[in-house]
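Here is the structure we will look at, set down as structure tokens.
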Amino acid sequence: MHAELTTPNGMVLMAADTPNSMDLTVGTNHALSLSGEDEQELRGYWDKLSDGGTVVEPLAQAPWGDSFGMCVDRFGIHWMVNIAGPKA
């Protein structure tokens, strides 16, 4: 399963399950990803998603230049948040 939704303000919400090439672990077999360019809005979503949950990878600058973080929200949903870095 792979799905993608682009919002009117340009953010992208994606959903994916475990690829066939990876081991299936029930409970962690899906993830949602939220990405875009609006840093303030995406950091607000990150704060709300990670509040009461578990931060797996803190939201910080990634090697590819974007800000990226992973968390499990308080309901057990796995999230990835990616904020686009400065354009080259």
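The values are calculated or read from the model by the stated rules, or taken from the named source; none is laboratory data. In this text, all values refer to a predicted model and were calculated from it rather than measured experimentally. No Cβ is skipped: glycine too gets one built from the backbone with ideal geometry, and neighbour counts run over all protein chains shown.
Data for the structure
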| read-out | value |
| --- | --- |
| Search result, residues across the stretch 72-83 that are farther than 17 Å from Glu41 by Cα and either hydrophobic (A, V, I, L, M, F, W, C) or in contact (Cβ under 8 Å) with a residue 60 or more places away in the chain (or both) | Val72, Phe75, Ile77 |
| Options Asp38, Asp23: the member that is among the charged types (D, E, K, R) and at pLDDT 90 or above | Asp38 |
